[in-house]
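Taking it in order: structure first as structure tokens, then the write-up.
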Amino acid sequence: MTVVEGWRPVPARSDAARSDVARDADAALTALYSEHYRSLVRLAALLLDDIGLCEEVVQDAYIRVHAAWGRLQDRDKALAYLRQTVVNLARSMLRRRLVALKHAPKPMPDAASAEEGAYSLVERAAVIQALRELPRRQREAVVLRYYADMSEADAAAVMGCSVGSVKAYTSRGLSALSGKLEGLR
């Protein structure tokens, strides 16, 4: 077995010794929390831009220091260890954020903007309103031909009229619609 310089084996502890260490860690970290929590959050805030995330990083640092309390050789340097832990956790958060941004799906180049979507809704509502104002037979002919994508013969069968009537109703309906929707564009 090779011995690494500065390394010393940690002897196995009894349950009583572990509870003494936990009580010691609780007392020491409670004192550190009371005195230095705000300054540690400010340190994290200098590194991160989200206050909630800053508080989370500091809380995680306290948890990690508490878990490592029995391994600390110089417990007087616990505040320095806390600061370093906050910095390391903040760096880790930033790295995760950068990786997430790097691998985020790219929007489709031809995707419509929110304004275009809103305008399309307004436009659709105007078309529906204009359709409702058409006489019944013209509305039926236009809807069957262009919305249901039926041929003139199929629309004539549904409407119970001749193909020529469907052509006339469709022509008059489209003409009336274009007049009603003139100011929309």
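The values are calculated or read from the model by the stated rules, or taken from the named source; none is laboratory data. Fair warning: this is a prediction, and the values are worked out from it, not measured in the lab. FYI the Cβ positions are ideal-geometry reconstructions off the backbone, even for glycines, and counts take in every protein chain you see. For the accessible areas, the whole protein counts, side chains as well, though only heavy atoms, and no ligand, DNA or RNA atoms are used. Shrake-Rupley method; radii C 1.70, N 1.55, O 1.52, S 1.80 Å.
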Scanning segment 169-182 for residues that are free of Cβ contacts under 8 Å to residues at least 12 places away in the same chain and open to solvent by less than 80 Å² (accessible area, probe 1.4 Å), which turns out farthest from V122 (Cα to Cα)?
S171
On the given criteria, is E123 open to solvent by 60 Å² or more (accessible area, probe 1.4 Å), more than 30 Å from L48 (Cβ to Cβ) and out of contact with any Phe, Trp or Tyr (no Cβ under 6 Å at 6 or more places or on another chain)?
no
Is segment 133-150 home to any residue that is outside any loop (DSSP other than H, G, I, E, B), without any contact (Cβ under 8 Å) to a residue 12 or more places away in the chain, surrounded by 14 or more Cβ atoms within 10 Å (Cβ to Cβ) and among the aliphatic types (A, V, I, L, M)?
no
Of all residues in segment 49-64, count the ones that are open to solvent by less than 70 Å² (accessible area, probe 1.4 Å) and modelled with pLDDT of 90 or more.
7
Starting from residues that are free of Cβ contacts under 8 Å to residues at least 12 places away in the same chain and in a helix (DSSP H, G or I), keep the ones in segment 69-94 and report whichever is nearest to S19 (Cα to Cα).
D76
Give me the residue from segment 100-117 that is open to solvent by less than 100 Å² (accessible area, probe 1.4 Å) and farther than 16 Å from L53 by Cβ and, out of that set, nearest to the chain's Cα centre (by Cα).
A104
How about segment 75-87: which of its residues are open to solvent by less than 70 Å² (accessible area, probe 1.4 Å) and out of contact with any helix residue (DSSP H, G or I) (no Cβ under 8 Å at 6 or more places or on another chain)?
A80
Is it fair to say V166 is open to solvent by less than 50 Å² (accessible area, probe 1.4 Å) and either modelled with pLDDT under 90 or assigned to a helix (DSSP H, G or I) (or both)?
yes
